[in-house]
1. Give me the percent relative contact order of the chain, please, defined on Cα pairs under 8 angstrom at least 6 residues apart.
2. Could you do me a favour and compute the accessible area per residue for the chain, 1.4 Å probe, result in Å²?
3. Of the heavy-atom accessible surface of region 2-174 (probe 1.4 angstrom), what whole percent is carbon and sulfur?
4. Quick check: from the Cα gyration tensor, does region 80-175 come out rounded (a/c under 1.5), prolate or oblate?
5. Using r as the Cβ-Cβ distance of Phe81 and Val56, and R0 as 41 Å, what FRET efficiency do you calculate, to the nearest 0.05?
6. Pull up all non-local amide H partners of Ile140: gap of 5 or more, or a different chain, and H-to-H distance under 5 Å with H placed in the peptide plane.
7. So what is the orientation-averaged projected area of the chain, using the convex hull of its C-alpha atoms, in nm²?
8. Using a cut-off of 28 Å between alpha-carbon atoms, which lysines can reach Lys152, once sequence neighbours fewer than 8 places away in the same chain are excluded?
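The values are calculated or read from the model by the stated rules, or taken from the named source; none is laboratory data. Being a predicted model, the structure only gives us computed values, none of them experimental. All Cβ positions, glycine included, derive from the backbone under ideal geometry; neighbour counts span all protein chains shown. Just so you know, the surface numbers come from the protein's heavy atoms only, side chains and all, with ligands and any DNA or RNA stripped out. Shrake-Rupley method; radii C 1.70, N 1.55, O 1.52, S 1.80 Å.
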Amino acid sequence: MKNILAISGSLRARSTNLTIIENIAELFSDQINVTIYDGLASLPHFNPDLESETPVAEVADWRRQIRASDGVLICTPEYVFSIPGALKNALEWTVGTSDFAAKPVVLITASSLGEKTHEALFLVLKTIEAKISEKTALLISGARTKLNSEGKLTDAPTIEAIKLLIESFLRAIDD
Ligand SMILES: Cc1cc2nc3c(=O)[nH]c(=O)nc-3n(C[C@H](O)[C@H](O)[C@H](O)COP(=O)(O)O)c2cc1C
């Protein structure tokens, strides 16, 4: 069983991205134990002056949870053709540290469109030395149409793509 830290780039209570994470946790419950990071909204704005060995508790906890995980699942929408601010802020707190170095990461951009954000986040994750490849990154455009009214993933090609994605992710963790 692998311990996965999942981050939704949307703070909405009924977020499509959060729902996709919940679907993944259920679909692969025999292989992964998913903890949803719930601190995104309470992280302070990134300020290099506040980076230190002993950062504020929220930042220390965010970093600790990344380090303690076997892998990180990021599932995010696109806002105004870019990475949602709250998610970008959280990642900025890790640039000066090695929290993401060699950490297996799976990236899902689930949005109306999402292409620009998917590319931008892939570059950010490469820059912070996360272990990510084309095989562990998936763009789901038209994301809301892939879920039914009960929040279940019902689109067969999307489910198949997610299965391949998580298989690659698990291989990256074991490599
Ligand atoms: C402020 C705002 C800006 C948005 N900009 C984009 C965008 O540039 N590209 C896109 O694909 N979707 C955009 N959307 C639509 C989101 O993709 C859509 O609302 C998505 O369902 C949000 O994800 P969530 O359901 O996980 O909250 C935007 C939504 C909001 C609220």
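1. Numbers: 274 pairs, mean separation 38.6, N = 175.
Computed value for the chain: 22 percent relative contact order.
2. Details: 8980 Å² over 175 residues.
On a per-residue basis, 51 Å².
3. Values: 4510 of 8690 Å².
Percent of accessible area from carbon and sulfur atoms in region 2-174: 52.
4. Working: a/c = 2.36, a/b = 1.35, b/c = 1.75.
Verdict is oblate for region 80-175.
5. Details: r = 31 Å, r/R0 = 0.75.
So, using R0 = 41 Å, E works out to roughly 0.85.
6. Thr109, Ala110, Ser111
7. Numbers: hull surface 37.6 nm².
Average projection, Cα convex hull of the chain: 9.4 nm².
8. Output for Lys152: Lys2, Lys88, Lys116, Lys135, Lys163.
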